[in-house]
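Note sheet for the following structure.
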Amino acid sequence: MARASNLMTDHPHLRLGTRQSPLAVIQAEETRRRLCDAHGWGLDQVELVKVRASGDKIQDRPLADIGGKALWTRELDLWLAEGKIDAAVHSMKDVETLRPESLTIAAILPRADVRDVLIGASSVREIPRDAVVGTSAPRRAAQMLYHRPDCRIVTFRGNVATRLAKLAAGEADVTLLAAAGLQRLDQAGTGTPLDSKDWIPAPAQGAIGIECNTNDAKTRELIGAINHQQSFAAVMAERALLEALGGTCHSPIAALSFIDGDMIDLTASLFSADGAERVDGSVRCKASALDEIRAFGRDLLARATPGIAALFQGG
């Protein structure tokens, strides 16, 4: 579908779609600043168009039970198709692995801190025995139960402020949040960051992506000017791993990658839902060798126990 002109009078103009949560808006504002700096525009030449995503409307059930990651992208995808926006800003951790061919991830911003932050205790070891852990992420739940099988998991949905309020109200003893989100919300001093080598984060955590219509060459070019190539390569590699695994919102997957020149070191762990079973692996290859990364993912799944494999579509 052809997109309406992105010119206002004689000046470049882009309409960026974003969820209306505070963190999503901050991420869109960062994208706007980078675009304006790259193209010499004034801030008023990039409009932020806010939408209330389905995932923000439903707060009382785990995301995996009500439609998965599509609930974060559905409205923005529709607005792109209808030409109401020129591009959409996403937390890449929340974007489905398989996207329509009509859409293209045109840029990834410089990736922020990938770590998880533990709030309510100084370390995983120091969490009180039989503590209640608030999280709706299968990966965080499984990792916690792997390290601390005595703990009990309760569902925690909502934005950062909502989850911190639930913790303060005593609905859980500890919770886990992404360091990148806390930093973007100027709450970097909240909680204790966990070593990413011991507590591997989610694939694409800390990365902001900008997506547009595939056939919109002009917008792809404008957005491409702010692409951070190393971050793009790392995120695409981690998404290729997800693709090979057939991972869903029910799949506890942890992945950590490092870019070294044109090479990538990728480590991944898969868990059973109760954390009792775990399989690990790593690969070093060209960052662009996505087929090799997919093969690594298939090998990882082939070595998984039945309790792990059952949580993956490829299993």
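The values are calculated or read from the model by the stated rules, or taken from the named source; none is laboratory data. No experiment lies behind these values; they were computed from the predicted model shown. Positions of Cβ are generated from backbone atoms using ideal geometry, with glycine treated the same way; all protein chains shown enter the neighbour counts.
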Exercise for review: Report yes if ILE259 is outside the structural domain of PRO138 (by TED's automatic domain parsing), in a strand (DSSP E or B), surrounded by fewer than 23 Cβ atoms within 10 Å (Cβ to Cβ) and free of Cβ contacts under 8 Å to residues at least 60 places away in the same chain, otherwise no.
Suggested key: yes
Review point. Are there any pairs with C-beta distances below 8 angstrom linking a residue in segment 99-117 that is within 15 Å of ILE210 (Cα to Cα) to a residue that is assigned to a loop (DSSP other than H, G, I, E, B) and among the basic types (Lys, Arg), with the two at least 6 apart or on different chains, and if so which?
Key: ILE105/ARG99
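Please indicate, with yes or no, whether at least one residue in segment 63-71 is assigned to a loop (DSSP other than H, G, I, E, B), modelled with pLDDT of 90 or more and more than 18 Å from VAL25 (Cβ to Cβ).
No, because not a single residue in segment 63-71 is assigned to a loop (DSSP other than H, G, I, E, B), modelled with pLDDT of 90 or more and more than 18 Å from VAL25 (Cβ to Cβ).
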Review point. Could you list, in sequence order, the residues of segment 158-183 that are under 21 Å from ARG115 (Cβ atoms) and over 22 Å from the mean Cα position of the chain (by Cα)?
Key: LEU167, ALA172, ASP173
Practice item. Report yes if LEU245 is outside the structural domain of CYS151 (by TED's automatic domain parsing), closer than 18 Å to GLY206 by Cβ and either touching a residue at least 12 places away in the same chain (Cβ under 8 Å) or not small (Gly, Ala, Ser) (or both), otherwise no. Key: no
Check your understanding: Can you spot a residue in segment 183-199 that is surrounded by fewer than 23 Cβ atoms within 10 Å (Cβ to Cβ), free of Cβ contacts under 8 Å to residues at least 40 places away in the same chain, in contact with a Gly (Cβ under 9 Å, 6 or more places away or on another chain) and on the phi < 0 side of the Ramachandran plot?
Key -> yes
